[in-house]
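Peer 1: Structure incoming, see below.
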Amino acid sequence: MSLVGTDVTDAELIEASWSDAPRFGDVFRRHYRAVYAYTVRAVGPSDGPDLAAEVFVNAFEARRRYDVAYVSARPWLLGIAAHLVGTYYRSKARGRRATLRLGDPAIVPDFASDAAGRVDAAAARDAIGRALGGLRPAEREVVSLFVFAGLSYREIAQSLGIAEGTVRSRLSRAREKSRNLMAGFDQYTDERTRGD
């Protein structure tokens, strides 16, 4: 258990951890829940906890490069998480493309009575995946931190090391691109509803 009070800033804890590594544990205790919640929302409950742990491993290794002018480490940690989420999705996309190229003999059609519901859910997932996949990595990071982590524009700018105006413009472009990509799914949904 930590003996550190809430009046000690994250910056002070990180700086202290440069010579006394266990002090970084206090930063972990303060921010693990937020990082965990973000990664689970971003990638799901099966892989989210592992990514959350990886965030703190990376942060610990990079702690000497932390800019102690920022008293809260939360945006920095969530910036690391956003980068790892992006890497995660790029890896998944490469795996899907490889599976499509090679074919997967383990996939067997399932003709259960609820197949239509699964088709609709798959269509929604595919549309959302296309919408996110249609964004540049920089836009995807901003959207991820805004939607999944609930960071403000200022905090996103701090976590990614960019200007707040850049955050606003990336988010605006991402919204427009996503709106255009999701329009196809809306049309598909409308057609399915009219067909019932």
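The values are calculated or read from the model by the stated rules, or taken from the named source; none is laboratory data. Note that this is a predicted model, so its numbers are computed, not measured. Cβ: placed from backbone, ideal geometry, glycine included. Neighbour counts: every protein chain shown. Just the protein is used for accessible areas: all its heavy atoms, side chains included, with ligands, DNA and RNA removed. Shrake-Rupley method; radii C 1.70, N 1.55, O 1.52, S 1.80 Å.
Peer 1: Can you pull the Rg over Rh of the range 1-65, Cα-only, Kirkwood? Intermediate results must be reported in sequence, preceding the final value.
Peer 2: Details: Rg = 12.6 Å, Rh = 12.4 Å.
That ratio equals 1.02.
Peer 1: Multiply the residue gap between Arg168 and Ser152 by 0.36 nm, knock off their C-alpha separation, and tell me the result in nm, one decimal place. Mind showing how you got there, number by number?
Peer 2: On the way: separation 16, 0.36 × 16 = 5.76 nm, distance 1.03 nm.
Full-extension gain reported as 4.7 nm.
Peer 1: Roll a 1.4 angstrom probe over the protein heavy atoms and tell me the percent of accessible area of the range 22-62 that is carbon or sulfur. Write down the numbers at each step before the final one.
Peer 2: Values: 1180 of 2080 Å².
About 57 percent, which is the carbon plus sulfur part of the accessible surface.
Peer 1: A further question on this structure: Going by average Cβ density within 10 Å per residue, which order do the peptides 61-71, 26-36 take, highest to lowest? If you can, show how the numbers build up before the last one.
Peer 2: Working: 61-71: 11.9, 26-36: 18.2.
Per-residue mean Cβ counts within 10 Å order the peptides as 26-36, 61-71.
Peer 1: Hey, rough spin-label estimate for Lys92 and Asp7, points 7 angstrom out along Cα→Cβ, what's it come to in nanometres?
Peer 2: Once both label points are built, they end up 4.5 nm from each other.
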